[in-house]
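Asker: Can you read through this structure? Questions will come right after.
Taken together, the values in this text are just the output of simple stated rules run on the coordinates, not laboratory data. Everything numeric in this text was worked out from a predicted model, so none of it was measured. When we count neighbours, we look across all protein chains shown, and the Cβ atoms used for this are built from the backbone with ideal geometry, even at glycine.
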Amino acid sequence: MSDAVLKHQHCIVRCEVEKPYKDPYLTAEWLKTIIYSLGMKPLYGPIARYCWTRGNRGVTGFAIIETSHVAVHIWDEPQPALVQFDVYTCGEFNPDMILGHLDNMMPVKMEYKWLDRETNLTEIQHFNRSSNESINKESNSKT
């Protein structure tokens, strides 16, 4: 990373899903899969825990990566359940690389913002989709 040019990219995903992850171990493994698929290096974690507080039930997980962090919050009480997913990195990546990882939770609505945070909060891309079809690189249209 010492010779790399820092990119300061941030992808924020809000997704309503039919089958939220409720198992902290499964959630941590899911985060690990995403980290390695993006070519990122974990420094701590991923770890995940389940919150049993009524009105706030669900799994929260995070990992510190060499280039910043990855975090997810999954509230399983609402129908559909709500996933808030966050990837911030100083490395190179594209949101298309992470969207397909949400397919197992059966998304019915998804929105993300991809930001360049190098000198300000410049929106690179915004995506909004409502349907139950698979979300992956091939079906992702950019707006």
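Asker: Would you mind calculating the relative contact order of the chain from Cα pairs under 8 angstrom and at least 6 residues apart, reporting the percent as a whole number? Mind dumping the intermediate values first?
Answerer: On the way: 330 pairs, mean separation 42.1, N = 143.
Relative CO of the chain lands at 29 percent.
Asker: Can you put Asp23, Asp86 in order of Cβ neighbours within 10 angstrom, beginning with the fewest? Could the numbers behind the result be given before it?
Answerer: Numbers: Asp23 12, Asp86 15.
Ordered by Cβ neighbours within 10 Å, fewest first: Asp23, Asp86.
Asker: Would you calculate the volume per residue, in Å³, of the smallest convex hull containing every Cα atom of region 9-130? Kindly include the intermediate steps, with their values, before the conclusion.
Answerer: On the way: hull volume 11.8 nm³, N = 122.
It is 97 Å³ per residue.
Asker: Tell me which chymotrypsin sites (Phe, Trp or Tyr not before Pro) from region 1-64 have a DSSP coil assignment and no more than 11 other beta carbons within 10 Å of their own. Display every interim value, and only then the final one.
Answerer: Values: sites: Tyr21, Tyr25, Trp30, Tyr36, Tyr44, Tyr50, Trp52, Phe62; in loops: Tyr21, Trp52.
Answer in residue order: Trp52.
Asker: Moving on. Quick check on the chain: helices-only [θ] at 222 nm, where DSSP H runs of length 4 and up contribute -39,500 (n - 2.57) each and the sum goes over total residues. Nearest 500, please. Walk me through the intermediate numbers first.
Answerer: Details: 2 runs with 18 residues, N = 143.
The helix contribution divided over the chain gives -3500 deg cm²/dmol.
Asker: Something else about it: Once phi is turned into ³J(HN,Hα) by the Karplus curve 6.51 cos²θ - 1.76 cosθ + 1.60 with θ = phi - 60°, what whole-Hz value does each residue of region 19-27 show in order, with x for glycine and proline?
Answerer: These are the phi-based 3J(HN,Hα) values: 10, x, 5, 10, 9, x, 5, 4, 5 Hz.
Asker: Arranged from highest to lowest average of other beta-carbon atoms within 10 Å per residue, in what order do the peptides 71-79, 114-122 appear? Intermediate results must be reported in sequence, preceding the final value.
Answerer: Working: 71-79: 16.9, 114-122: 12.7.
Top of the packing list down: 71-79, 114-122.
Asker: Please list, in chain and number order, the residues 5+ apart from Val108 or on another chain whose amide H is under 5 Å from its amide H, with Hs placed from the backbone.
Answerer: Glu16, Val17, Glu18
Asker: Report, by chain and number, residues whose modeled amide H sits under 5 Å from the one on His8, excluding near sequence neighbours (fewer than 5 apart, same chain).
Answerer: Placed amide hydrogens put Cys90, Gly91 under 5 Å from His8.
Asker: Quick one: if you stick a label point 7 Å off each Cα along the C-beta vector at Leu26 and His8, how many nm between them?
Answerer: Once both label points are built, they end up 3.9 nm from each other.
Asker: If you plug each phi of region 85-100 into the Karplus form 6.51 cos²θ - 1.76 cosθ + 1.60 with θ = phi - 60°, what whole-Hz ³J(HN,Hα) values come out, in order, with x for Gly and Pro?
Answerer: 10, 9, 10, 10, 8, 8, x, 8, 6, 10, x, 3, 6, 10, 4, x
Asker: Which is farthest toward the positive dipole end of the chain among Val5, Pro24, Ser68, measuring Cα position about the Cα centre, with Cβ charges +1 (Lys, Arg) and -1 (Asp, Glu)?
Answerer: Pro24
Asker: Treating only the Cβ of Lys, Arg, Asp and Glu as charged (+1, +1, -1, -1), what charge dipole size does the chain show about its Cα centre? Round to the nearest 20 debye. Please report the intermediate quantities before stating the final value.
Answerer: Working: 15 positive and 18 negative charges, 67 e Å.
Roughly 320 debye for the chain.
Asker: Could you tally up the Lys pairs in the chain with alpha carbons closer than 29 Å? Skip any pair fewer than 8 positions apart unless they're on separate chains.
Answerer: 29
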